[in-house]
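K.L.:
Dropping a structure here in structure tokens format, bear with me for questions.
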Amino acid sequence: LAIATHLKKFSAGVSEFTTSLGNILPAVQRDEVKKREAGYVSAGVPRKLAAAVASMDCLAPAFDVVAAAQSSSHGVEEIGTLYFKVGVVFGLDWLRVEGQQILPESHWQKTAIEAILDDLSGQQAALTCRIVRAAKGTARLDGILDSWVAANKIAVERTRQMLNEIHSASALHSFDLA
């Protein structure tokens with residue numbers, strides 16, 4: 001592993017992702033970050049540190065977003081915005097939150113939950129990249145998600161039906177994942 005090479009390749013992009021997080025996060029996630037930050041500040045943590053710690057969970061897709069931006073003609077902020085919109089539009093954010101709330105009863109369940117959440121993030125990144133590739137050199141990604149959804153209506157509808165069934169199954173927490 002060539003750490004210096006990876007640092008050089010991703011450093012500026014991850015920094016850009018981090019500084020634009022306030023602009024690219026969906027409102028619900030942005031509000032959650034602000035709420036965590038306020039809790040840390042009220043506990044005596046300096047505001048700058050509180051803001052950094054409160055947003056840590058949102059930084060997980062930074063490398064995927066930077067890699068997608070580097071392999072396209074679009075910037076980190078634009079790809080990051082699309083990444084988070086994909087999470088909202090397809091219910092992946094809800095699914096991730098539900099998965100994080102499952103209380104594992106064994107080491108194997110914990111491992112299964114973590115693997116599923118990692119896969120979910122990987123699939124969100126892959127779907128974002130697929131949508132970017134479908135944009136085929138479009139100058140801006142505004143509206144590309146809507147166009148992609150319309151062009152893939154049947155697959156999108158099947159996915160939404162499945163997620164709606166999971167959503168209405170009252171408690172994802174009771175699933176036996178191991």
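The values are calculated or read from the model by the stated rules, or taken from the named source; none is laboratory data. Everything numeric here is computed off the predicted structure, so don't read it as measured data. Just the protein is used for accessible areas: all its heavy atoms, side chains included, with ligands, DNA and RNA removed. Shrake-Rupley method; radii C 1.70, N 1.55, O 1.52, S 1.80 Å.
K.L.:
Which whole number of Å³ per residue matches the convex hull of the alpha-carbon atoms in the range 29-178? It would help to have the intermediate numbers written out before the result.
P.N.:
Working: hull volume 20.7 nm³, N = 150.
Residue-normalised Cα hull volume stands at 138 Å³.
K.L.:
How big is D, in µm² s⁻¹, for the range 80-160 by Stokes-Einstein at 25 °C and 0.890 mPa s if Rh is the Kirkwood radius over C-alpha pairs? The partial results should precede the final answer.
P.N.:
Working: Rh = 14.0 Å.
For these conditions, the coefficient is 176 µm²/s.
K.L.:
Between the range 1-51 and the range 83-140, what's the alpha-carbon centroid distance in Å?
P.N.:
The range 1-51 and the range 83-140 have Cα centres separated by 19 Å.
K.L.:
What relative contact order, as a whole-number percentage, does the range 3-132 give when Cα pairs under 8 Å and 6 or more residues apart are counted? Could the numbers behind the result be given before it?
P.N.:
Working: 88 pairs, mean separation 33.8, N = 130.
Answer for the range 3-132 is 26 percent.
K.L.:
Ignoring ligands, DNA and RNA, what percent of the accessible area of the range 68-178 is carbon or sulfur (1.4 Å)?
P.N.:
Numbers: 3730 of 6740 Å².
The nonpolar share, carbon plus sulfur, comes to 55 percent.
K.L.:
Can you give the accessible area per residue of the range 37-178, in Å², using a 1.4 Å probe? Could the numbers behind the result be given before it?
P.N.:
Details: 8550 Å² over 142 residues.
Each residue of the range 37-178 exposes 60 Å² on average to a 1.4 Å probe.
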